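Below is one structure; the comments refer to it alone.
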Amino acid sequence: MAIKVHGSPVSPAAKRVLLSLAEKQLDYEFVLPFGQVPGFEDGDLKLFESRAITRYIAHAYADKGTPLISEDPKKMAIIGVWMEVESQRFDAAGQKLSFEILVKPMKGLTTDDAAVEQLQGQLAAVLDVYEARLGKSKYLGGEEFSLADLHHVPIIANLMKTKVKAVFDARPAVSAWAAALLARPAWLKINAA
């Protein structure tokens, strides 16, 4: 087996990579790591940074499983915009919220309620933009599921287990989109393991 993923099974970044592999219906070996997470090997290629890895998988295995990118330059530009929004805006609030609400209590640390309040406001502002977008298209990048959506899934899954679910539920199009993402067979597959 040529593809190896080094990571933690609870890491959102590792789950992002595993989800892209599952969407592409690719076999891989999962290795618990000591170091940079996630790590990725495909033959002699070694990568880190989950979004770079998922882009590689989408391009290198474009003919397998779910198409995650578009060959149309205009459609790909739109997907690219929403990938940037995810990494710069959504993840900035969502990752920190996950840490405050889920990780800190597991580590015996105290959640910073003021930070949670501020971060929920930041996330709400991003989701307001998403609500407008998702009122016009099924997915962020258009009518087809793409990397723009895939990159959101691990953090959405974490946040839907918390009081932050209400921020999603207050926006009907966002709520429907999030439910559809979490119901994808590839996501269910990597979480069943």
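Quick rundown of the values:
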read-out	value
Hits in segment 126-146 - residues which are closer than 20 Å to residue 166 by Cβ, among the hydrophobic types (A, V, I, L, M, F, W, C) and in contact (Cβ under 8 Å) with a residue 12 or more places away in the chain	126, 127, 129, 134
Any hit, segment 61-84, residues being basic (Lys, Arg) and under 13 Å from the mean Cα position of the chain (by Cα)	no
Answer residue from segment 64-73, given it is out of contact with any Lys or Arg (no Cβ under 9 Å at 6 or more places or on another chain) and not in a helix (DSSP H, G or I) and is most open to solvent (accessible area, probe 1.4 Å) among those	71
Some residue of segment 168-191 being more than 20 Å from residue 69 (Cβ to Cβ), of a type in the set (Val, Ile, Thr) and open to solvent by less than 10 Å² (accessible area, probe 1.4 Å)	yes
Matching residues in segment 79-120 - criterion: being open to solvent by less than 70 Å² (accessible area, probe 1.4 Å) and of a type in the set (Val, Ile, Thr)	79, 85, 101, 103, 111, 116
Count - residues of segment 118-153 that are of a type in the set (A, V, I, L, M) and closer than 14 Å to residue 171 by Cβ	9
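The values are calculated or read from the model by the stated rules, or taken from the named source; none is laboratory data. Please read these numbers as outputs of a predicted model, since none were measured by experiment. Cβ sites come from the backbone with ideal geometry, for glycine too, and all protein chains shown count toward neighbours. Heavy atoms of the whole protein, side chains included, go into the accessibility calculation; ligands, DNA and RNA do not. Shrake-Rupley method; radii C 1.70, N 1.55, O 1.52, S 1.80 Å.
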